[in-house]
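Asker: A single structure is presented below for examination.
What follows draws every value from the coordinates through simple rules; no lab data is involved. Since this is a predicted model, take the numbers as computed values, not measurements. For neighbour counting, all protein chains shown are included, and Cβ atoms are generated from backbone atoms with ideal geometry for every residue, glycine included.
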Amino acid sequence: MRRKAFTLIELLVVIAIIAILASILFPVFSRARENARRASCMSNLKQIGLGVMQYVQDYDETYPSSTRYISGSSGASVSWYQDILPYVKSYEILRCPSSDSGYGPADSSYAWGTSDYAYVKAGNYGANRVVMRIMSDGNAAYVKMPVVVSPATIYLMMDYGEMRISPALVVNPGGASEYLPGIGALGIAQPSTLYNRFARDFQNGRHFGGVNVLYADGHTKWAASSEVYREAKKLTDGGLTSTNIGPASAVYRISSRWNPWVESQ
């Protein structure tokens, strides 16, 4: 007996069912992939944290600087990732797997490991300049771990657009890569100077509306971008700018997760 073929209606129904299932499952798969990337990013920061803690032990409980100028306040410098590289022994952990990384106006501007580690300078991880200071002639001393009032609550590093972070630039992004991932979703205007490839990261963020954070005691945790922004705004509302960032500033009497000298509320 000859088998009856599928009718056009039956085929259309099957196709419709497949399309519905795909529309349900594809976002699930996408979320699962991002969960894996977020976990990998968290692992990177945990390893970076271990490197920082080893550095702290070797240098009399002193945190590394975010940038240390060899002479004066410009020119040749050493950055935090160069200081911890002997401990972590890996370039790859310096790159967030969810980022649009690379330094320069085009993705192909620099190759890995060239031009003073330029590949990791933007679109990956940034250090809190209030704790890991920019060191140059006339700057205040390095921050030591014992003076940090509550290391378990103070931001040390996190997903960021630039290798170092001023809380003032979290609130008011600027330049080519000074931004907190996902800050655009909070209604913050995108700077006209931002590199185009960072626009998606600026608007949508990397990890479900938040960033992975390394705290001053070495532990890591996810935090909503809105929380990180709110903690920075406490300081800018008190008068902090990107230039008056030294510990003598009166603004550092304010409690914030960016501020190592006052216990975070």
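Asker: Give me His207, His219 ranked fewest to most by other Cβ atoms within 10 Å of their Cβ, as a rough exposure proxy.
Answerer: Lowest to highest Cβ neighbour count: His219, His207.
Asker: Run down the lysines and flag those whose C-alpha is under 26 Å from the C-alpha of Lys234, throwing out any fewer than 8 positions away in its chain.
Answerer: Lys144, Lys221
Asker: Around Met145, what is the net charge, scoring Lys/Arg as +1 and Asp/Glu as -1 over all other residues with Cβ under 11 Å from its Cβ?
Answerer: -2
Asker: I want to verify the translational diffusion coefficient of the stretch 141-265 in µm²/s; compute it with Stokes-Einstein, Rh as the Kirkwood radius over Cα pairs, at 20 °C and 1.002 mPa s.
Answerer: 146
Asker: For the stretch 158-172, take each phi angle, set θ = phi - 60°, evaluate the Karplus expression 6.51 cos²θ - 1.76 cosθ + 1.60, and give the result in whole Hz per residue in order, putting x for glycine and proline.
Answerer: 6, 4, 7, x, 10, 6, 9, 10, 9, x, 5, 8, 5, 6, 10
Asker: Under unit Cβ charges (Lys, Arg +1; Asp, Glu -1), what dipole magnitude, rounded to 20 debye, does the stretch 185-232 have relative to its Cα centre?
Answerer: It works out to roughly 200 debye.
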